[in-house]
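Everything on this sheet refers to the single structure shown next.
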Amino acid sequence: MADREDALTCAIGDVHGHIGKLEKLLERCEAFAPGRAKRFVFIGDYIDRGPDSRAVVDRLIELQRALGARVVCLRGNHEAVIVAAARGELDTLPGRVSMEQWIGENGGGAPTLASYGVGHAREVSPEHLAWMAALPLWHDDGRRFFAHAGVHPDRPLNDQQDDDLMWIREPFLSHTGDFGRLIVHGHTPTRTRVPDLRANRLNLDTAAGYEGPVTAAIFDHNTVRPIAFISNTGVLRPGELARSDH
């Protein structure tokens, strides 16, 4: 299917190792506006916490091979952590993440290692580690700016720092000013488990790593804001959207 100007963009939030949720969401995205071309932008955090991290990465690599440039996968902080762990560079990350923190319940690394059948990050599939290390940190479609965690409000979009794109929370989340684009991000799970749509940003991390759904926002080329939201459990009604309680 050739890429077309009227293609829809499906932005997909944090997956966190849940292949079943991802497959169901992709199925629902394809069923939305049947026959219309679609692009996919994945916001990052494909691994950790859930049981199927290896299967999720395999599926995304397969999707990129099948659809080429119509699939953009951004790097999340969890991808940065496993690559750093494999290289012995965890102490270079923001907050100096330890191996124990990553493997522990909050980091969620233990089920990721189990999904690969290994005991250490350096034993993870070299192809998968190379893929995660090479992922871009942002995507700009001219109307929306996509990044895993968000952006720093004191810097222009073309001068963001890598750590902010993957890790920032404040002062980004509380900023109410115009960023010049609608910022589409994940990283901070919404307590409501539904998307958090505000005037200047959209949070698509609906807590898949904590028993919530994986959620997509559907965009067209005419408007900045989403025309629909879909999760692996179904299409969300406008009244189901809420501002999250950070």
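Within the option set ARG144, ARG169, being of a type in the set (D, E, K, R) and within 25 Å of ALA7 (Cβ to Cβ) holds for one residue only, ARG144.
Select from the stretch 172-194 the residues that are of a type in the set (Lys, Arg) and farther than 17 Å from TRP138 by Cβ and list them in ascending order.
ARG191, ARG193
Considering only residues in the stretch 41-63 that are out of contact with any helix residue (DSSP H, G or I) (no Cβ under 9 Å at 6 or more places or on another chain) and outside any loop (DSSP other than H, G, I, E, B), the one that is nearest to ARG143 (Cα to Cα) turns out to be VAL41.
Inside the stretch 3-40, residues that are of a type in the set (A, V, I, L, M), in a loop (DSSP other than H, G, I, E, B) and surrounded by fewer than 20 Cβ atoms within 10 Å (Cβ to Cβ) make up a count of 3.
Contact annotation: residue pairs with Cβ atoms under 7 Å, 6 or more positions apart or on different chains, pairing a residue in the stretch 19-47 that is in contact (Cβ under 8 Å) with a residue 12 or more places away in the chain with a partner that is aromatic (Phe, Trp, Tyr) and crowded, with 18+ Cβ neighbours inside 10 Å, are VAL41/PHE146; ILE43/PHE146.
The C-beta contact set for the stretch 205-225 (first residue touching a residue at least 12 places away in the same chain (Cβ under 8 Å), second residue surrounded by fewer than 24 Cβ atoms within 10 Å (Cβ to Cβ) and acidic (Asp, Glu), distance under 9 angstrom, 6+ apart or interchain) comprises ASP205/ASP196; THR206/ASP196; PHE219/ASP141; ASP220/ASP6; HIS221/GLU5; HIS221/ASP6; HIS221/ASP141. The set of residues in the stretch 119-136 being surrounded by 13 or more Cβ atoms within 10 Å (Cβ to Cβ), hydrophobic (A, V, I, L, M, F, W, C) and in contact with a Lys or Arg (Cβ under 9 Å, 6 or more places away or on another chain) consists of ALA121, VAL124, LEU129, MET132, ALA133, LEU135. Quickly run through the stretch 150-167 and pick out the residues that are under 15 Å from VAL81 (Cα atoms) and out of contact with any strand residue (DSSP E or B) (no Cβ under 6 Å at 6 or more places or on another chain). ASP162, ASP163, ASP164, MET166, TRP167, listed by residue number.
For ASP196, are the conditions met, namely being within 20 Å of GLY50 (Cβ to Cβ), touching a residue at least 40 places away in the same chain (Cβ under 8 Å) and either in contact with a strand residue (DSSP E or B) (Cβ under 7 Å, 6 or more places away or on another chain) or buried (at least 20 other Cβ atoms within 10 Å of the Cβ) (or both)?
When the stated conditions are applied, ASP196 does not pass them.
Matching residues to (1) under 29 Å from GLY20 (Cβ atoms); (2) of a type outside the set (S, T, N, Q):
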position: ARG75; (1), (2): yes, yes
position: LEU93; (1), (2): no, yes
position: TRP102; (1), (2): yes, yes
position: GLU123; (1), (2): yes, yes
position: ASP154; (1), (2): no, yes
position: ASN158; (1), (2): no, no
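Number of residues in the stretch 70-114 that are within 17 Å of the chain's Cα centre (by Cα), closer than 25 Å to VAL151 by Cα and either in a helix (DSSP H, G or I) or at pLDDT below 95 (or both): the value is 9.
The values are calculated or read from the model by the stated rules, or taken from the named source; none is laboratory data. Fair warning: this is a prediction, and the values are worked out from it, not measured in the lab. Note: ideal-geometry Cβ built from the backbone for every residue, glycine included; neighbour counts use all protein chains shown.
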